[in-house]
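Below: one structure, written as structure tokens.
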Amino acid sequence: MQDDVAIQLKEFAKGTNNVAKIFPSYLINGYRFHTTKRDARRKTQNSSVTLVSMTPSFSSSKDETPII
């Protein structure tokens with residue numbers, strides 16, 4: 001193992017890790033998500049995925065001013 005090789009490359013050379021890490025919650029892009037197992041013990045639940053989107057809404061097929 002040479003010193004001028006990147007640490008990530010050295011880790012890849014060691015092969016796969018047989019130990020899986022399990023976390024009861026995840027923080028992604030500022031949103032916290034919990035596993036279903038953790039939510040089963042709680043009154044409030046947060047194990048679902050949310051999506052914020054904008055969709056144009058037309059009142060009819062002739063409407064030329066959609067609302068987003």
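Residue by residue, here is whether (1) surrounded by 10 or more Cβ atoms within 10 Å (Cβ to Cβ); (2) at pLDDT 80 or above holds:
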{"residue": "Glu11", "(1), (2)": "yes, yes"}
{"residue": "Asn17", "(1), (2)": "no, no"}
{"residue": "Thr50", "(1), (2)": "no, no"}
{"residue": "Pro66", "(1), (2)": "yes, no"}
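Pairs needed: first member in segment 10-38, part of a loop (DSSP other than H, G, I, E, B); second member anywhere, of a type in the set (Lys, Arg); C-beta distance under 8 Å; at least 6 residues apart or different chains.
Pro24/Lys37; Pro24/Arg38
The values are calculated or read from the model by the stated rules, or taken from the named source; none is laboratory data. Keep in mind that this is a model prediction, so the values were computed, not measured. Methodologically, a virtual Cβ is constructed for each residue, glycine included, from the backbone with ideal geometry; neighbour enumeration extends over all protein chains shown.
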